[in-house]
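Novice: Mind looking over this structure? Questions follow.
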Amino acid sequence: MVMVYHIISHLELKQEINMKIGFTGTVSVGKTTLVKALQQLPEFKDYTFSTERSKYLRDLGIPLNTDSTIKGQMVFLAERASELFQNNIITDRTIIDVMAFTKLAKSIPYYIADEYNTLASRLISEYDYIFYISPNKVEIEDNGVRTINPEYRMEIDKEIQAIIHQHQPKINKYHELSGTTEERIEKIKQVLFL
């Protein structure tokens, strides 16, 4: 009986907490698909969802992928930072993603990227959960916006993993996801006690 009360109290507490959940991973690993699938589930009805706006930003004239500029990356960082002001949010990108793309942008000198990432890294600890999604066994899909270059995809993944490793002490709760969207959802539910 005490165990049941503890579980119920824990679940009630989870609903009251201001949760910030972010998914990180290289291009075309299913982050947006996963977030849209979570949005359909009753367990996540109290969450706000934020998904990729790359097409919109590209249409504003902001260069993407390897062509990105420091000004463009500042827009992406501002979007990620603004998400962290919201209560109970699930987002398909994190500060970590922005840092990785900044580091690998051809037009951004390494010393500027390093300064930028030092500042951006201060926000990593604001996520309650960060879920990394591996590109292993996930085919690249062309959405007309992101690059479909497999080498660049792997470079971004490697940089994301390096950032996660470097900033591990700042990450509150970190989990890795793989498998189908359904398998990923089950793992997320287990982690969040849903």
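The values are calculated or read from the model by the stated rules, or taken from the named source; none is laboratory data. Owing to the predicted nature of the structure, the values given are computational and were not obtained by experimental measurement. Neighbour counts are summed over all protein chains in view; Cβ atoms, including those assigned to glycine, are modelled from backbone coordinates with ideal geometry. SASA here: full protein model, heavy atoms, side chains in, ligands and nucleic acids out. Shrake-Rupley method; radii C 1.70, N 1.55, O 1.52, S 1.80 Å.
Novice: Taking the Cα centre of the chain as origin, work out the dipole magnitude from +1 charges on Lys and Arg Cβ and -1 charges on Asp and Glu Cβ, in debye rounded to 20.
Specialist: 180
Novice: Another question, if that's okay. Multiplying the sequence separation of I171 and I148 by 0.36 nm and subtracting their Cα-Cα distance, what value in nm do you get?
Specialist: Stretched out fully, the I171 to I148 stretch lengthens by 5.4 nm.
Novice: How big is the accessible area of M74 in square angstrom, nearest 10, if you roll a 1.4 angstrom probe over the protein chains?
Specialist: Estimated to the nearest 10 Å², M74 gives 110 Å².
Novice: Can you give the extra length, in nm with one decimal, that the chain gains between E186 and E141 once fully stretched, where that is 0.36 nm per residue apart less the Cα-Cα distance?
Specialist: Fully extending the segment from E186 to E141 adds 13.8 nm.
Novice: Got the relative contact order for the chain handy, in percent, Cα pairs under 8 Å and 6 or more residues apart?
Specialist: It rounds to 31 percent for the chain.
Novice: Right, here's the next one. For the chain, what is one quarter of the convex hull surface built on the Cα atoms, given in nm²?
Specialist: Taking a quarter of the hull surface, the average projection is 11.3 nm².
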